[in-house]
Number of protein chains: 2
Amino acid sequence: MKIEFWYEFASTYSYLSAMRIDVAAAEQGVEVIWKPFLLGPIFNSQGWNDSNFNIYPVKGDYMWRDMVRQCQKYGLEFNQPKIFPAHSVTAARLAWLGAKENWCPQFSTKVYEAQFVAGKDISDVQVLGDILTELELSADDYLARTQDPKTKTGLRSQTDEAVAKGMFGAPSFIVGEELFWGDDRLADALAAASF
Amino acid sequence: MKIEFWYEFASTYSYLSAMRIDVAAAEQGVEVIWKPFLLGPIFNSQGWNDSNFNIYPVKGDYMWRDMVRQCQKYGLEFNQPKIFPAHSVTAARLAWLGAKENWCPQFSTKVYEAQFVAGKDISDVQVLGDILTELELSADDYLARTQDPKTKTGLRSQTDEAVAKGMFGAPSFIVGEELFWGDDRLADALAAASF
């Protein structure tokens, strides 16, 4: 069966799933559909104008410690970025474009590594352009297309679809009609998809 | 080593841990210290006067579905209670008294079953009294002691200790200086304690 992987580039826990889902899914014969979306508009509609991890510093302190431990457990590198949450809209538009072609997973994992390993600012078009170039894609062309109304509307519709499917955080997974929320449900979601 | 298990009776995810922790810890030679506390004062200090699962219904809907799936996975019975979150202060005071003697885990798991299996109102002293009686404890004596200033202060201090240790939700686990939050971290916390 298939699993939809809904992720937000600014989300730390989405990084954990992004780096593991393709291998884990392949082991179970499950196909992954990468679905970038934006949490900002969803959080705004709930009256939050920042990440909960910044609004509630005690929760934020815990999250950063938890991320260090989780990355250690999964064998992933991790460095807390200076900017959090990242302004992720351009990266998400590019990933949305990549999903229409065949380079979304590769692009997305590189964006996560730029942010959470190399400590780069993923709102910087130079950083995003370098990743496109690395993937042998035209940085100029694709960056220009992030300003195309079709791209903007496409990503916005995808975020609307997330809301319609009951999502309120990232990462989220959809298997059939079932919603699973959080990196901690990746294994359960894959089990449901391989059933 | 030891693990401190910090739980709130009104917390659905604390139910999952309460029903599994003693067996899982025994398998790894880890001693469990049961620490009842109250989330209400902690949530109030963050400006919430209700459970987040009620304040954000989309999140609440998800949580109830997730609980059904998690209980299925762990072989636990589950029925969504009519009252949520339960008014848990009397039950928590009794558990605090039980922790000074030797009946806290037995009492606490029975309170969880009353709430999340039998659908009883655990703020009802009759329900709590029946559980005490089942454990061959004097319901009248212990219920009277929930009104003793020493008991009230004792539980309040325990909640203050939770805040001092960086807790913001339940269940939480403390192993040495490390805080783990959520039933999803039970395995990691036990692994840390058995290390």
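Restricting A:V68, A:V32 to residues that are open to solvent by 40 Å² or more (accessible area, probe 1.4 Å) and among the β-branched types (V, I, T) narrows the list to A:V68.
With the condition kept exactly as written, say whether any residue in region B:160-167 is part of a helix (DSSP H, G or I), in contact with a strand residue (DSSP E or B) (Cβ under 7 Å, 6 or more places away or on another chain) and either of a type in the set (D, E, K, R) or crowded, with 17+ Cβ neighbours inside 10 Å (or both). Quick ask: steps written out before the conclusion?
So the first thing to find is which residues in region B:160-167 are part of a helix (DSSP H, G or I), and the list is B:160-164.
In the following step, the residues that additionally are in contact with a strand residue (DSSP E or B) (Cβ under 7 Å, 6 or more places away or on another chain) were identified as B:162.
After this cut, where a residue has to be either of a type in the set (D, E, K, R) or crowded, with 17+ Cβ neighbours inside 10 Å (or both) as well, the list is B:162.
Looking through region B:160-167, at least one residue is part of a helix (DSSP H, G or I), in contact with a strand residue (DSSP E or B) (Cβ under 7 Å, 6 or more places away or on another chain) and either of a type in the set (D, E, K, R) or crowded, with 17+ Cβ neighbours inside 10 Å (or both).
Within region A:71-88, can you find the residues that are away from chain B (no Cβ under 14 Å), open to solvent by less than 80 Å² (accessible area, probe 1.4 Å) and in contact (Cβ under 8 Å) with a residue 24 or more places away in the chain? Matches in region A:71-88: A:L76, A:F78, A:N79, A:P81, A:F84, A:P85, A:A86, A:S88. State whether one or more residues within region A:38-51 are of a type in the set (F, W, Y), without any contact (Cβ under 8 Å) to a residue 40 or more places away in the chain and surrounded by fewer than 20 Cβ atoms within 10 Å (Cβ to Cβ). For region A:38-51, residues of a type in the set (F, W, Y), without any contact (Cβ under 8 Å) to a residue 40 or more places away in the chain and surrounded by fewer than 20 Cβ atoms within 10 Å (Cβ to Cβ): present. Considering region B:174-188, and only residues there that are more than 10 Å from chain A (Cβ to nearest Cβ) and open to solvent by less than 40 Å² (accessible area, probe 1.4 Å), the residue that is nearest to B:K35 (Cα to Cα) turns out to be B:I174.
Being hydrophobic (A, V, I, L, M, F, W, C), on the phi < 0 side of the Ramachandran plot and in contact with an Asp or Glu (Cβ under 7 Å, 6 or more places away or on another chain) is a condition met by at least one residue of region B:5-24. Against the numbered list (1) free of Cβ contacts under 8 Å to residues at least 60 places away in the same chain; (2) among the aromatic types (F, W, Y); (3) touching a Cys at 6+ places or on another chain (Cβ under 9 Å), B:Y56 comes up short only at (3).
Quick one: which residue in A:P171, A:P105 is within 17 Å of A:A18 (Cβ to Cβ), within 14 Å of another protein chain (Cβ to nearest Cβ) and within 17 Å of the chain's Cα centre (by Cα)? Every option except A:P171 fails the conditions.
Mind telling me which of the residues B:Q147, B:Q115 ends up being surrounded by fewer than 15 Cβ atoms within 10 Å (Cβ to Cβ) and either of a type in the set (F, W, Y) or away from chain A (no Cβ under 14 Å) (or both)? Before you say what the answer is, go through the steps one by one.
Numbers: B:Q115 fails: surrounded by fewer than 15 Cβ atoms within 10 Å (Cβ to Cβ).
Criteria check complete, one pass: B:Q147.
The values are calculated or read from the model by the stated rules, or taken from the named source; none is laboratory data. All figures in this text were calculated on a predicted structure; none of them were measured in a lab. Cβ atoms come from the backbone with ideal geometry, glycine included; neighbour counts cover every protein chain shown. We work out accessible area using only protein heavy atoms, side chains counted, and drop any ligands, DNA or RNA first. Shrake-Rupley method; radii C 1.70, N 1.55, O 1.52, S 1.80 Å.
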